[in-house]
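Beneath this line is the structure, given in structure tokens, with notes to follow.
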Amino acid sequence: MMRTLLLVLTMLIASPLLAETDPVKVIESTNAELAALINENRERYREDAPSLRQDIKNVLMPTIDTVYSARLVLGRHGRGRERSEIEAFAEALANQLLDRYATALLDYNLLERVEILPLTGDNTERATRVRTRVQLDNGDRAPVDYVLRQTDEGWKVFDVIVEGISYVATFRSQIDQEIRQTSFESLLERLEAGQYQVEVDD
């Protein structure tokens, strides 16, 4: 469950401080804001899950590169699509994952669980990888890497790699198969209605 939760959370994660010039600080700022949000409202959220989902969404959704990430997930199926269609797909996918896993965040202290490492390796404005280590329930530390790119609005996350497995690649494989069997329009309609669910390995 912890690994699933981290994939869902970090898929959406970005920083409200988009002018931040250091990608590591982007992740640090976001982690701290989410931790404070949950710690300050934990008991209320236990009684009001919709508020929890909405508050997390308000912090995260406006600050990620949703269209770019969604186009990567859709692959060839996103070519030629209107921006509004891509945005609808991105929002439907994010809403589904939040509905399924947001309440699990209440059982964890992000500041105690997450270690953010310094930048290493080859990083560019097109793809910079920030590495973190997340403590699991059994005491092991799982590698969770954020992949960011520089946009006109600052650094934004567009992919997350959990224990070597890319979020984009994980969902692209499932979405590709589903669209080939039906259509983009059918998938989007079922995704928005909760009739189709992406799978995330625990």
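The numbers here are math on the coordinates, done by the rules we state, and not lab data. Everything numeric here is computed off the predicted structure, so don't read it as measured data. When we count neighbours, we look across all protein chains shown, and the Cβ atoms used for this are built from the backbone with ideal geometry, even at glycine.
Taken one residue at a time, the phi angles of the range 130-138 give Karplus couplings (6.51, -1.76, 1.60, θ = phi - 60°) of 9, 8, 9, 10, 10, 6, 8, 4, 8 Hz. Gly and Pro are set to x.
Helix-only arithmetic for the chain: the sum of -39500 (n - 2.57) across DSSP H runs with n ≥ 4, divided by the residue total, places the mean residue ellipticity at 222 nm at -16500 deg cm²/dmol. For the range 105-111, putting each phi into the Karplus relation 6.51 cos²θ - 1.76 cosθ + 1.60 with θ = phi - 60° gives couplings of 5, 5, 8, 10, 9, 5, 5 Hz, in residue order, rounded to whole numbers and with x for Gly and Pro.
Kyte-Doolittle cut-off 1.0, length cut-off 15 Å along the helix's own axis using Cα: show which whole DSSP H helices in the chain pass. Mind showing how you got there, number by number?
On the way: long enough: 2-12 (16 Å, 1.92); 23-47 (35 Å, -0.78); 49-60 (17 Å, -0.27); 83-101 (27 Å, -0.33); 167-181 (22 Å, -0.77).
Span-like helices, by this rule, are 2-12.
Phi angles across the range 113-126 convert, under the Karplus curve 6.51 cos²θ - 1.76 cosθ + 1.60 with θ = phi - 60°, into 3J(HN,Hα) values of 8, 10, 10, 9, 9, x, 5, 9, x, 8, 10, 9, 5, 7 Hz, Gly and Pro given as x.
Add +1 for every Lys or Arg and -1 for every Asp or Glu among the other residues with Cβ under 11 Å from the Cβ of residue 167, and state the total. In short, -1. Report the percentage of all Cα-Cα pairs in the chain whose separation exceeds 26 Å, rounded to a whole percent. Result: 31 percent of Cα pairs exceed 26 Å. Net charge of the neighbourhood of residue 90, taken over other residues with C-beta under 11 Å away and scored Lys/Arg +1, Asp/Glu -1, is -2.
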